[in-house]
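Right, one structure below, let's go through it.
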Amino acid sequence: MNDFVKVSKIITGNDADFSDCTPLSRGYDDSYIRYNLFKGYTPIVVQQNNNINSLTIAGNFGMFWNGHNIAFPYTDFRSSLCYVSEKLNVDLFKFNVDQFDQSAIVIVEDSPDTIISNHHKLPGAQMVTYDNGKTWKYPFGKASLYNATKRMKDMKYSKLIKQQIFERFGISDDQNLIRFENKYNKPGKTFNSKLTVENLLKPEFIEVCNRDLINTYISIMKTGIVNIPDNKKDINSATLPLIVLQELSAIYGFDTKELLRQRIKAIPPAILSNDDKKARQRQVNHNLKKIQSSTTSRYDISGFLEDSLLVR
């Protein structure tokens, strides 16, 4: 789904109508005039750029239209665009897209915080961890994974909005919710072409964005590939460090057994004889056999994302 969008277009004369807007601020010599456009919830910001005869419109259309952005079907997105077009006397569908995001919210079985903590590197991106999730920043945008249950509670939605969210989408803040999103700060560079608002509503482009969302998520390196031994005797001071090493091997691409073999081999003979080294290696191998790994992290939610994106 899309909710945040920033768009712009060159306009001439007094084409736009700001009579339904509330003035917010002005630039020096009226170089720009900024307005708020309300519909009972969070406003959309409208900026008239007089120096270059352009109009910029930005905001979270989900918050603007429904008072929340837990889910925002494309039918609602289209209705909100039509409403803003009518109020401003412009055709918003012809505006150029400067920024937008694509996201999905999923209901998961484990704690959202536990799942998020097991997501790590995204190649080519800088990871930033904050209280509610993680963000991966790359040249033309960023990806974010966060605890949507906590966000929903922090927003303190009214009982009416909570009821509407549950009745329409079957979602409540009693569930374990995670949101993943791609934010495109320079969509023209990402998609190698100029985008207009009407492109955001075309099924083929929605499919491209959804696939990019899934591929971005899959590219994030995750821990949780190691299966914890069933027998508590196999979870001890010797195996616990090996479990951690096996988890880290999924992120950094090393072979745990070979790494330890080389480490033991490098110990000077004055400390460990060859027989001592062979004994230590046998002990390591014995403990490694108690640890089984999977190809997919148990904290991977790509399947949930795929299912969520089927419902638009």
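Values for this structure:
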{"quantity": "Residue-normalised accessible area of the range 173-216, given per residue in Å² at a 1.4 Å probe", "calculated": "46 Å²"}
{"quantity": "Segment T129-K289, length gained on full extension (0.36 nm per residue, minus Cα span)", "calculated": "54.2 nm"}
{"quantity": "Mean residue ellipticity (222 nm) of the chain, computed from DSSP H runs ≥ 4 via -39,500 (n - 2.57), nearest 500", "calculated": "-11000 deg cm²/dmol"}
{"quantity": "Additional length obtainable on full extension of the chain from A58 to C82, 0.36 nm per residue less Cα span", "calculated": "7.2 nm"}
{"quantity": "Helix axis angle, 74-88 relative to the chain longest principal axis, alpha carbon, degrees", "calculated": "30 degrees"}
{"quantity": "Å² per residue, accessible surface of the range 221-265 at 1.4 Å", "calculated": "63 Å²"}
{"quantity": "Cα gyration tensor shape for the range 95-207, rounded if a/c is under 1.5, else prolate or oblate", "calculated": "oblate"}
{"quantity": "I235, I251, reordered so the largest accessible area comes first (probe 1.4 Å)", "calculated": "I235, I251"}
{"quantity": "Cα long-axis angle, helix 256-265 against the chain (0 to 90 degrees, to the nearest 10)", "calculated": "50 degrees"}
{"quantity": "Proximal aspartates and glutamates to K290, defined as alpha-carbon separation beneath 13 angstrom and excluding residues fewer than eight positions away on the same chain", "calculated": "D230, D234"}
{"quantity": "The chain shape via C-alpha gyration tensor axes, a/c threshold 1.5", "calculated": "prolate"}
{"quantity": "Of K134/K289; K6/K183; K150/K202; K6/K87, those spanning more than 22 Å from alpha-carbon to alpha-carbon", "calculated": "K134/K289; K150/K202"}
{"quantity": "Amide H contacts of I171 (H built 1.01 Å from N, under 5 Å, at least 5 apart or other chain)", "calculated": "F166"}
{"quantity": "Rounded to the nearest 20 debye, dipole of the chain from Cβ charges on Lys, Arg, Asp, Glu", "calculated": "1280 debye"}
{"quantity": "Three-way shape label, the range 169-312, alpha-carbon gyration tensor, a/c 1.5", "calculated": "prolate"}
{"quantity": "K121-K278 FRET efficiency (beta carbon distance; Förster radius 51 Å; 0.05 resolution)", "calculated": "0.90"}
{"quantity": "Links that overshoot a 27 Å alpha carbon limit, given the list K156/K194; K39/K159; K233/K277; K137/K222; K39/K153", "calculated": "K156/K194"}
{"quantity": "Carbon/sulfur fraction of accessible area - the chain, other protein chains in place, 1.4 Å, %", "calculated": "51 percent"}
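The values are calculated or read from the model by the stated rules, or taken from the named source; none is laboratory data. Remember, it's a predicted structure, so these values are computed and weren't measured experimentally. Cβ coordinates were reconstructed from backbone atoms using ideal geometry, including for glycine residues, and neighbour counts include every protein chain displayed. Ligands, DNA and RNA are excluded from the accessible area calculation, which covers all protein heavy atoms including side chains. Shrake-Rupley method; radii C 1.70, N 1.55, O 1.52, S 1.80 Å.
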